[in-house]
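The structure appears below as C-alpha cells.
Only the coordinates and a few stated rules stand behind these numbers; no lab work does. On a predicted model such as this, the values are computed, not experimentally measured, just so you know. Glycine also receives a Cβ, built like all others from the backbone with ideal geometry; neighbour counts cover every protein chain displayed.
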Amino acid sequence: MKKQILIAAAALAASAAPAFAHFDPASHGSLMAGLSHPLFGADHILAMLAVGLWAGEIGGRARWMVPAAFVATMAVGFALAVIGVGLPFVEPAILASVVALGLIVAIAVRLGAAKAAAIVAVFALFHGDAHGGELGAAGAWSFAAGFMIATALLHVAGIGLGMALARLSGGGKLARLLGGITALAGAALMLG
C-alpha cells in the first residue's frame, strides 16, 4: 500500500505543469469561474494542499486558524489588486510559496497556530493579488467568493490528508515525503 501511495505521489509531482489557473480575464466574473479557478493551476493546488497538510500536522487551533488566515489574507490581497494596489514579484512569490510550504511540511516545522498563520498569510497576500490583478472590477466579488470557497476546500483536503497520515504508522514520514515532493514540484514550476 505504501509503495502504491509513493508511486501515485511521484506520478502527481512529475505531471505538474506550469500554472494554467490564470485564464482570459474576460471569462472571469462568476461564482463558478471562481470555484474552478484554483483547480486549474498546479501552483495553487500544491500550495493550498500544503497549507492544509501543515495545519493538520500541527493540530489543535492550527487546523482552523492557519487555513482561515490564508483565506482572509488572500481576500485582502485580492481587494487590494482590484482597487489597483498591486504587489511586486507576484508570480515568483507564488512559486516560492509552493517550495517553502513544501519544505515546511518536509522538515515537519512545528510552530504555534498564530506563527504558522502569520507565515501562510504572507504567501496568501500574493495569491490574492494574482487573482485580483487578472480580473478587473467586473464580477469581482462573486468570483472572489468562488475562489475563496475552492481554496478553503483544498485546505480541508490537505487537513484531512494530514490527519489521516497522523493515524498511520509511519504517516509522519509519508507526510514529510509529500512535503518534499511538493517542494520539488514547486522548483520544477519555477524552472518550467
If I stretch the segment between Ala145 and Trp64 completely, what's the gain in nm (0.36 nm per residue apart, minus their alpha carbon distance), one decimal? 27.3 nm
Could you please state, rounded to a whole Å, how far the C-alpha centre of segment 37-68 is from the C-alpha centre of segment 114-155? 12
Taking θ as phi - 60°, what are the ³J(HN,Hα) couplings along segment 171-179 by the Karplus curve (6.51, -1.76, 1.60), each to the nearest whole Hz, with x for Gly and Pro? x, x, 5, 5, 4, 5, 4, 4, x
Which net charge results for the neighbourhood of Leu165, defined as the other residues with beta-carbon distances under 10 angstrom from its beta-carbon, given Lys and Arg at +1 and Asp and Glu at -1? +2
Modelled label-to-label distance, Ala157 and Glu91, 7 Å Cα→beta-carbon offset: nm? 2.4
Of Ala93, Ile107, Ala117, which is farthest along the charge dipole of segment 54-181 in the positive direction, counting Lys and Arg as +1 and Asp and Glu as -1 at C-beta? Ile107
Considering only C-alpha atoms, what is the centroid distance from segment 161-192 to segment 96-110, in Å? 9
Starting from 0.36 nm per residue, how many nanometres of slack lie between Ser36 and Ala187 once their C-alpha separation is accounted for? 51.9 nm
Sorted by average packing, counted as other Cβ atoms within 10 angstrom per residue and highest first, what order do 46-53, 177-184 take? 46-53, 177-184
